Amino acid sequence: METKDNRTSTVDRLLTDKEVCVMLGGISRAKVWADVKKGIIPKPIKLGGITRFPLSDIIGVIETAKQQRAA
């Protein structure tokens, strides 16, 4: 998105819990919410009546898992 003074900013895409399931290899929605409760997946944000997960948070979960695998 371009602003009036020609600076650009990136907008973090917001994902549904179903999209998170797909990104994390087809896990169930119940598993997503259990992992949120355990703190493995960061809590989603709420905008009005919707609940969404920032894409950067889910990428962070994947990166953390990769680092733990390497350790």
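The values are calculated or read from the model by the stated rules, or taken from the named source; none is laboratory data. Predicted model, so just to flag it, every value in this text is computed and none were measured. Neighbour counts run over all protein chains shown; Cβ positions are idealised from the backbone, glycine included. The protein model used for the area step is the full one, side chains on, heavy atoms only, and it has no ligands, DNA or RNA in it. Shrake-Rupley method; radii C 1.70, N 1.55, O 1.52, S 1.80 Å.
Residues that are of a type in the set (Gly, Ala, Ser) and within 11 Å of the chain's Cα centre (by Cα) were ranked within the range 13-63; the one that is surrounded by the fewest Cβ atoms within 10 Å (Cβ to Cβ) is 56. If I filter the range 1-12 down to residues being acidic (Asp, Glu) and either open to solvent by less than 100 Å² (accessible area, probe 1.4 Å) or not in a strand (DSSP E or B) (or both), which single residue comes out as modelled with the highest pLDDT? This residue is 12. The one condition from (1) at positive phi; (2) part of a helix (DSSP H, G or I) that residue 25 does not meet is (2).
Restricting attention to the range 27-65, the residues that are without any contact (Cβ under 8 Å) to a residue 24 or more places away in the chain, more than 13 Å from residue 17 (Cβ to Cβ) and small (Gly, Ala, Ser) add up to 5.
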